[in-house]
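Just below is one structure, and these are the notes that go with it.
The values are calculated or read from the model by the stated rules, or taken from the named source; none is laboratory data. Worth saying up front: this structure is predicted, and the values here are computed from it rather than measured. Note: ideal-geometry Cβ built from the backbone for every residue, glycine included; neighbour counts use all protein chains shown.
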Amino acid sequence: MSASTSSRAGVGSLRPGGPRGLVNQVSKRPQPERHNEVGIQTSSFGGIEGMFDFTGPVSEGSDWTYRLTGLGKNMGSQIDREQERQLMLAPSLTWAPTDQTQLTLYGYYQKDRPKDFNPRFYPAIGTLIDNSFGQIPRELYLGDPNASIFERNFYTLGYEFSHEFNDTWSVRQNLRYGRASQNMFLALVNPAFAYRPDGHTLNRASAVSDDWLTSFNVDTQLEARFDTGALDHTALFGIDVLRADSSTNFGNGTVGVPPLDYLDPVYGTAPIPVPAIQRSGLQKQRQVGFYAQDQIRYDNWVGTVGLRYDLSDIDTQNRLAPDRSTVSNDDREVTWRAGLSYLFDNGIAPYVSYSTAFLPALGASRSGMPFEAQRAEQYEIGVKFEPPGGWGMITVSLFDLTLENGLTPDPASSLYSVQTGKQRVRGLELEGKYEISPEFDVLASYAYSDSEVVQSTNAAARGREMLRSPEHQGSAWINYRPSAIEGLSLSAGVRMTSSYQTDATYRDDLRIPSRALVDIGAAYDFDALHKSFEGTKFRVNVTNLFDEEYVSHCLNITGGSCNYGAGRAVTASLNYAW
């Protein structure tokens, strides 16, 4: 939805989703002021990336503005042989004949064609668990050039329209059509039987898939701003329509796939046959949501109450079944939320909120049964502090979230998911930014999460922590702009995560250890040297400065499907804007 606010109790679309909030990714849109920028980037892994971003009025005094952004990438990665190759283009055009009317047409296209894509399926022994022959190198390519197809395409087309009839009434409509497709044929480590008897030769399998997803979404809102006595109202009424179709074809096998000795890897020794399709499904989702919301202001009080009713129908067809049987899930759900905050004149704003959520889940289990809709509720209380003068901001919140029908990896196969009965997480979140002086500012955040699987179809999970849910997470970042060197800025930070479990069988030896990673950066604005360099900036960033080697997750009951985290990477970019 286009209407949103940083407060969780703010005006929004009441779209169904997780009650802890969504990341609001806002695409670049045309701007009335002309601005152009080009840039190049490279990294310590080699390769180059180029970008451009042009925006402004179509002509002087025109009602039309445009924006065109693009990116081309051919970059190395921490995996030997692997090359990240991507092309992206995003045009948009805005017509604003009056201050009350605006129409934006936009598109987005992205094509990914990585070279020698490496599936991140490392065995636990040799990565998370010690191997007497030595650990598997983090940079080792586990695939094979004879099975190295990975193609992904994504595009969207749509518009955003808004019109203000008068000071009270306005209307908005957002429409988008999107299609994503992925085609792959790869060789990867066989997680079920990772090692041969010698202890350092890895069995491999092949995998093939041909998937696509299309979605059509149109959201229409009517907004009214009015007063009733001392109360100021911002009321929102809307209807949200979604149609989505997805197709999945997947197969894997071991016949004809040569093993790989990680002490002496040899590639391309034999043709690899394409395995037969073993899973083929088609899902059709039809969903309509009706919602209403009122944000009420009285003096320094701000309250929000919202209600939504969803009708969701999902048909799942097993195309490999003799009768191509179809199973239907029909859900009808009412969700609501309410929030209240008080805005003190000194910048302190305490708040309290409650919300329920409903999210139909696409996909099917290993047995081919469609997933049930996920449901959740959350209580939250907190305070925000943004003092006058804008030298910083601090947010503190306590939350209690309960989720039903959450998806977790299938203990029998990491290629599938299962739905647990009920999960709960309670915690504390702290976030702050403080400007110590014109030269220094600090950003820091911390999150404490006490999670538990209350009910589950997986007996090993009951009473245990939720998967991929660290108890402690935190980060701190400092920016320094030395007054003695105009144009220079330096930064450094640390990211910390406590240990957590990612294996559905809760094996202690597959628990991910805690880690702390250090990042640094530097930037220089050449405008400080001479006005002729205005708009030219150079930046260098180093992530994981000390090149800590760590495993980010393990997902398979047999101890396979582990993945290394990102090692040290140095990136350098040069941008010019005018």
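Given the structure, is Ile277 closer than 30 Å to Gly306 by Cβ and among the hydrophobic types (A, V, I, L, M, F, W, C)? Considered against the rule, which asks whether it is closer than 30 Å to Gly306 by Cβ and among the hydrophobic types (A, V, I, L, M, F, W, C), Ile277 comes out as no. Condition check for Ser206 on (1) over 26 Å from the mean Cα position of the chain (by Cα); (2) surrounded by fewer than 19 Cβ atoms within 10 Å (Cβ to Cβ): one failure, at (2). Whether any residue in segment 538-555 is under 30 Å from Arg462 (Cα atoms), at pLDDT below 95 and either small (Gly, Ala, Ser) or surrounded by fewer than 18 Cβ atoms within 10 Å (Cβ to Cβ) (or both) is what I want to check. Yes, that holds for at least one residue.
For segment 292-318, the set of residues classified as free of Cβ contacts under 8 Å to residues at least 40 places away in the same chain and either under 30 Å from Ser341 (Cα atoms) or surrounded by 15 or more Cβ atoms within 10 Å (Cβ to Cβ) (or both) consists of Val305, Tyr309, Asp313, Asp315, Gln317, listed by residue number.
Glu160 falls short on exactly one of the conditions (1) part of a strand (DSSP E or B); (2) touching a residue at least 60 places away in the same chain (Cβ under 8 Å); (3) touching an Asp or Glu at 6+ places or on another chain (Cβ under 9 Å); (4) not polar (S, T, N, Q), and that condition is (3). Of the numbered criteria (1) at pLDDT 95 or above; (2) at positive phi, the one Thr214 fails is (2).
Please work out which residue is farthest from Gln293 (Cα to Cα), limiting yourself to segment 230-258 and to residues that are outside any strand (DSSP E or B) and small (Gly, Ala, Ser). Among them, the one singled out is Gly256. Of the residues making up segment 478-488, not a single one is in contact with a Lys or Arg (Cβ under 8 Å, 6 or more places away or on another chain) and under 24 Å from Gly427 (Cβ atoms). In segment 366-390, what residues are within 30 Å of Asp331 (Cα to Cα), among the charged types (D, E, K, R) and either part of a strand (DSSP E or B) or modelled with pLDDT of 85 or more (or both)? Selection gives Arg375, Glu377, Glu380. Going through (1) of a type outside the set (Val, Ile, Thr); (2) over 30 Å from Leu362 (Cβ atoms); (3) within 24 Å of the chain's Cα centre (by Cα) one by one, Leu467 falls short only on (2). Applying a threshold of 9 Å to beta carbon distances and a minimum spacing of six or more residues, or different chains, the list of pairs starting in segment 427-445 at a residue that is closer than 30 Å to Gln378 by Cα and ending at one that is modelled with pLDDT of 95 or more and not in a strand (DSSP E or B) reads Gly427/Glu471. Picking from residues in segment 319-338 that are under 30 Å from Ala235 (Cα atoms) and aliphatic (A, V, I, L, M), the one that is surrounded by the fewest Cβ atoms within 10 Å (Cβ to Cβ) is Val334. Asp227 meets each of the listed conditions (1) free of Cβ contacts under 8 Å to residues at least 24 places away in the same chain; (2) assigned to a loop (DSSP other than H, G, I, E, B); (3) over 29 Å from Ala364 (Cβ atoms); (4) not hydrophobic (A, V, I, L, M, F, W, C) apart from (2). Gln287 fulfils the conditions (1) over 29 Å from the mean Cα position of the chain (by Cα); (2) more than 19 Å from Val208 (Cα to Cα); (3) among the polar types (S, T, N, Q) except for a single criterion, (1). Looking at segment 510-522, can you tell me whether even one residue there is farther than 26 Å from Gly392 by Cα, surrounded by 14 or more Cβ atoms within 10 Å (Cβ to Cβ) and in contact (Cβ under 8 Å) with a residue 60 or more places away in the chain? Within segment 510-522, one or more residues are farther than 26 Å from Gly392 by Cα, surrounded by 14 or more Cβ atoms within 10 Å (Cβ to Cβ) and in contact (Cβ under 8 Å) with a residue 60 or more places away in the chain. Scanning segment 50-78 for residues that are over 21 Å from the mean Cα position of the chain (by Cα) and of a type in the set (A, V, I, L, M, F, W, C) turns up Met51, Phe52, Phe54, Val58, Trp64, Leu68, Met75. Could you look through segment 79-126, keep only residues that are hydrophobic (A, V, I, L, M, F, W, C) and under 30 Å from Gly199 (Cα atoms), and pick out the one that is farthest from the chain's Cα centre (by Cα)? By that ranking, first place goes to Ile125. Please work out if Arg196 is of a type in the set (D, E, K, R), buried (at least 18 other Cβ atoms within 10 Å of the Cβ) and modelled with pLDDT under 95. No: the conditions fail for Arg196. Of the strands (runs of 3 or more DSSP E) lying entirely inside segment 43-146, those carrying at least 3 residues that are surrounded by 19 or more Cβ atoms within 10 Å (Cβ to Cβ), in contact (Cβ under 8 Å) with a residue 24 or more places away in the chain and not aromatic (Phe, Trp, Tyr) are 64-76, 83-98.
With (1) under 30 Å from Asp112 (Cα atoms); (2) touching a Lys or Arg at 6+ places or on another chain (Cβ under 9 Å) as the list, and Ser206 as the residue in question, which single condition is left unmet? The one condition Ser206 does not meet is (2). Here's a check for you: in segment 339-387, which residue that is surrounded by fewer than 18 Cβ atoms within 10 Å (Cβ to Cβ) and charged (D, E, K, R) is nearest to Ala244 (Cα to Cα)? The residue in question is Glu372. The residues on offer are Thr127, Thr98, and the sole one that is out of contact with any helix residue (DSSP H, G or I) (no Cβ under 8 Å at 6 or more places or on another chain), farther than 24 Å from Tyr564 by Cβ and polar (S, T, N, Q) is Thr98.
For segment 494-507, does any single residue satisfy the condition of being under 23 Å from Tyr434 (Cβ atoms) and touching an Asp or Glu at 6+ places or on another chain (Cβ under 8 Å)? Within segment 494-507 (the criterion being under 23 Å from Tyr434 (Cβ atoms) and touching an Asp or Glu at 6+ places or on another chain (Cβ under 8 Å)), the answer is yes, since at least one residue qualifies.
Applying the criterion of being in contact with a Gly (Cβ under 7 Å, 6 or more places away or on another chain) and surrounded by fewer than 18 Cβ atoms within 10 Å (Cβ to Cβ) to the residues of segment 172-187, the residue that is nearest to Ile149 (Cα to Cα) is Tyr177. Of the residues screened, Leu467 is not one that is more than 19 Å from Ser417 (Cα to Cα) and of a type in the set (A, V, I, L, M, F, W, C).
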